[in-house]
Amino acid sequence: MSVSTRADVVVRLRVPVGGVEERRVRLLEGPAGWGEWSPLPSWSEAEVAAAQEAAEEAASRDFPAARRALVTVNAMVPRVAPELAARLAVESGCGTVKVKVGDAAGEERVAAVRAMVGPNVRIRLDANGAWDPDTAIVELRRLSVHDVELVEDPVATLEELAWLRRRTGVPVAAEMSVRTVADARRLRELDAAAAVVLKPQRIGGIRAALAAATEAAVPAIASSALETSVGLAAVLALAAALPDSPFAHGCGTALLLASDVTRDPLVPVGGVLRPRRVVPDALAP
């Protein structure tokens, strides 16, 4: 495979996300364009290897055919103070906002976002598997008063998701428990979730993510792993290639970068992005 490696890049975040303050990125150039290898620090060896496969795929193969010219995306609000959370949500301009919960300030954060964005913006939650099933029932009962679209990873495993799904009125989505195509097949067997959230880097590339979406047989949401715009282009390509879904895609995370590897970043305008390749040119201040 004819790919070359550009020097590694460090990109800082505007606010910490799950303890991550900067992203260490390796950019690969190949016959199809640019790919990005930037696994998160918490990922396993298998996931790090999958991220390499995803980067090589992006650099060496054309993106799959797009089903849509514009992709509706959501903003993501990390575990920050409620006042900052509300400001980030409004500044994003997105019609869907994913709010991180699972900590002591989670309910106050969601309440602040809802109060600021009003009733017409969709709010989804992401607990990163922080709750046990019984706690999840209690927390979701409290949080549901804020008109929640769905909750991503309220518990850690597919088996727990299947149990919880039958006991809560809030739709549940799986991300951290779907790291392979086989996991997606297991999700379908258990009828564990109303949606599946797929990170191309984590699962080994766009085509692996499309295969997982087919196996899961529920609406699929493409989601970033806090990539630069080079890596985000692959996430956006996945979002554009997936079947129609009622959910916005998690491609709005360039809003959280303090800098990028291009002067023309994939920052949403009015909550939408146009799929395209990104060529790195420089670290924009």
Worksheet, complete the sentence: Scanning the stretch 267-285 for residues that are over 14 Å from Thr72 (Cβ atoms), in contact with a Gly (Cβ under 9 Å, 6 or more places away or on another chain) and hydrophobic (A, V, I, L, M, F, W, C), the one least open to solvent (accessible area, probe 1.4 Å) turns out to be Val278
Worksheet item: Mind checking which residues of the stretch 58-79 are touching a Lys or Arg at 6+ places or on another chain (Cβ under 9 Å) and closer than 18 Å to Thr96 by Cβ?
Response: Leu70, Val71, Asn74, Ala75, Met76, Val77, Pro78
Fill in: Top-ranked residue in the stretch 5-21 [being outside any strand (DSSP E or B) and either hydrophobic (A, V, I, L, M, F, W, C) or touching a residue at least 24 places away in the same chain (Cβ under 8 Å) (or both); ranked as surrounded by the most Cβ atoms within 10 Å (Cβ to Cβ)]
Arg6
Worksheet item: Which is open to solvent by 30 Å² or more (accessible area, probe 1.4 Å), within 24 Å of Ala258 (Cα to Cα) and at pLDDT 95 or above, of Leu70, Leu84, Leu88?
Response: Leu84
Fill in: Among (1) touching a Leu at 6+ places or on another chain (Cβ under 9 Å); (2) open to solvent by 80 Å² or more (accessible area, probe 1.4 Å); (3) not hydrophobic (A, V, I, L, M, F, W, C) - the single one Asp147 does not satisfy
(1)
Item to complete: All but one of (1) over 20 Å from the mean Cα position of the chain (by Cα); (2) assigned to a loop (DSSP other than H, G, I, E, B) hold for Glu189, so report the exception by its number.
Response: (2)
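Here are some residues: Ala173, Ala112. Which one is open to solvent by less than 30 Å² (accessible area, probe 1.4 Å), aliphatic (A, V, I, L, M) and touching a helix residue (DSSP H, G or I) at 6+ places or on another chain (Cβ under 6 Å)?
Working: Ala173 fails: touching a helix residue (DSSP H, G or I) at 6+ places or on another chain (Cβ under 6 Å).
Exactly one of Ala173, Ala112 is open to solvent by less than 30 Å² (accessible area, probe 1.4 Å), aliphatic (A, V, I, L, M) and touching a helix residue (DSSP H, G or I) at 6+ places or on another chain (Cβ under 6 Å), namely Ala112.
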Discussion item. Taking the condition of being open to solvent by less than 30 Å² (accessible area, probe 1.4 Å) and in a loop (DSSP other than H, G, I, E, B), how many residues in the stretch 115-129 meet it?
Written reply: 4
Item to complete: Under 9 Å between Cβ atoms, at least 6 apart or on separate chains: pull out the pairs that start in the stretch 145-156 with a residue that is assigned to a loop (DSSP other than H, G, I, E, B) and end on any residue that is open to solvent by less than 20 Å² (accessible area, probe 1.4 Å) and of a type in the set (Val, Ile, Thr).
Response: Asp147/Ile123; Asp153/Val172; Asp153/Val197; Pro154/Val101; Pro154/Val170; Pro154/Val172; Val155/Val172
Fill in: Subset of the stretch 59-98 [outside any loop (DSSP other than H, G, I, E, B), closer than 27 Å to Asp153 by Cα and in contact with a Gly (Cβ under 8 Å, 6 or more places away or on another chain)]
Thr72, Val73, Ala75, Met76, Ser92, Thr96, Lys98
Response to the item:
Of the residues in the stretch 157-186, those that are within 23 Å of Pro41 (Cα to Cα), charged (D, E, K, R) and in a helix (DSSP H, G or I) come to Asp183
Fill in: Candidate set from the stretch 22-50 (those that are closer than 16 Å to Thr253 by Cβ and surrounded by 17 or more Cβ atoms within 10 Å (Cβ to Cβ)); member that is farthest from the chain's Cα centre (by Cα)
Val25
Item to complete: With the condition kept exactly as written, say whether any residue in the stretch 61-68 is farther than 21 Å from Trp34 by Cα and either touching a residue at least 24 places away in the same chain (Cβ under 8 Å) or in contact with a Cys (Cβ under 6 Å, 6 or more places away or on another chain) (or both).
Response: yes
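Of these, Arg167, Arg186, which one is of a type outside the set (Asp, Glu) and either under 30 Å from Val10 (Cβ atoms) or surrounded by fewer than 18 Cβ atoms within 10 Å (Cβ to Cβ) (or both)?
Arg167
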Discussion item. Restricting to the stretch 227-255, name every residue that is among the small types (Gly, Ala, Ser), in a helix (DSSP H, G or I) and within 22 Å of Ile123 (Cβ to Cβ).
Written reply: Ala239, Ala254
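The values are calculated or read from the model by the stated rules, or taken from the named source; none is laboratory data. Remember, predicted model here, so these are calculated numbers, not experimental data. We place every Cβ from the backbone using ideal geometry, glycine too, and count neighbours over all the protein chains shown. What goes into the accessible areas is simple: the full protein's heavy atoms, side chains included, and nothing from ligands, DNA or RNA. Shrake-Rupley method; radii C 1.70, N 1.55, O 1.52, S 1.80 Å.
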